[in-house]
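Single-structure report; data block below.
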Amino acid sequence: MNVYKLNVRTQGYWFLNKDEYEQRTARRSPWYKVSDEGKPRYFAICPACNNPIQIIGFYKLPSNVNSPFAKHYGTSVPGVGIFDHEAYLDCPYSDTTKSTSSDKGKRTPSELSRQILEILIEHFDKVIWMLSTVTGIKIEEKLALDMLKQYKQEEGWLYSKATLMNIPWIFAYMSDNQKFLFKKINDLKLLQKLVSLAPDELDMTSRGYIVKAATCKRRIELGVYYTRHHSAVTEHILSESMDMVILLEVNGEKPRELYRKSIDFDFNYFNNIVNFSSWKSTELGNKLLKHAKDILGECL
């Protein structure tokens, strides 16, 4: 992996850089240790699964390696972190999951799943703001509440591929199918595209809402869900994605796929938002934070 953090209790990460690592650790224990063979070792925490990692190549690159990298250490490191084998097996950076697709399997409750819940509750207003931006669909209070309830029912924090880095996207992924007819669409191109794909059923208002066409006499529903969650590590760099799928249902018949797009997970985007010290929550944001605490707080 090409990222690290230094505290299991914090959210966020830094890219591997020798000088910055030295400054953050002051080149001291517990991050700097000496093995039984007398060789120096450099430790940190995996930002995805909270397990101890060892940094390789800061001062001497192994043969056939072009840049420093970090790898799971495989055992607990005093003062750094406790090794969680199950979290390691599910981590996208582990050797066992170099390229994986979702099967929505669940893990048993653990410190990692509890921390995922804590971060989601604490930063739920930011998660919803970010998802509204990424998907192009304005997630207002009722839709956010429906997503929360479904995420709780699915126990989304126990999804085997949920990590500390992909919390917003997996929240959406584990909220299943959500209705959004008569909702505001932030992405004008998406709004225009949907109307063009179903002109007999859909229309748009001047304020950017997706609505039922005035001439449509049939009952319609518009739903969105997320699928094909996939992760891969190439040259120590993690990439994850999922598909957003929009369905149109007419008169209770089998829904047809109207639109699909791939969403790449921008981990740095989420990292920056979570750690943005000047963030000020709005009135809606405060309501969302209360909903998250009321609904998910009992699951901690």
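The values are calculated or read from the model by the stated rules, or taken from the named source; none is laboratory data. Predicted model only: the values in this text are computed from it and were never measured. Virtual Cβ from ideal backbone geometry, glycine too; neighbours counted across all protein chains shown.
Structure notes:
- Test: residue in segment 17-25 that is among the β-branched types (Val, Ile, Thr), within 30 Å of residue 159 (Cα to Cα), without any contact (Cβ under 8 Å) to a residue 40 or more places away in the chain and not assigned by TED's automatic domain parsing to the domain that holds residue 232: no
- Unique match (being more than 25 Å from residue 230 (Cα to Cα) and in contact with a Gly (Cβ under 8 Å, 6 or more places away or on another chain)) among 35, 29: 29
- Test for residue 32: is it touching a Pro at 6+ places or on another chain (Cβ under 8 Å), of a type outside the set (A, V, I, L, M, F, W, C) and in contact (Cβ under 8 Å) with a residue 60 or more places away in the chain: no
- Selection count, segment 43-67, where residues are outside any loop (DSSP other than H, G, I, E, B) and more than 26 Å from residue 110 (Cβ to Cβ): 1
- Matching option when the condition is touching a Pro at 6+ places or on another chain (Cβ under 7 Å) and either farther than 16 Å from residue 139 by Cβ or not in a loop (DSSP other than H, G, I, E, B) (or both), among 258, 296, 248, 284: 248
- For segment 153-188, residues that are more than 29 Å from residue 13 (Cβ to Cβ) and either among the polar types (S, T, N, Q) or free of Cβ contacts under 8 Å to residues at least 12 places away in the same chain (or both) total 3.
- Applying the set (1) in a helix (DSSP H, G or I); (2) of a type in the set (A, V, I, L, M, F, W, C); (3) surrounded by fewer than 17 Cβ atoms within 10 Å (Cβ to Cβ) to residue 130 leaves exactly one unmet item: (3).
- Test for residue 119: is it hydrophobic (A, V, I, L, M, F, W, C) and either surrounded by fewer than 17 Cβ atoms within 10 Å (Cβ to Cβ) or within 30 Å of residue 153 (Cα to Cα) (or both): yes
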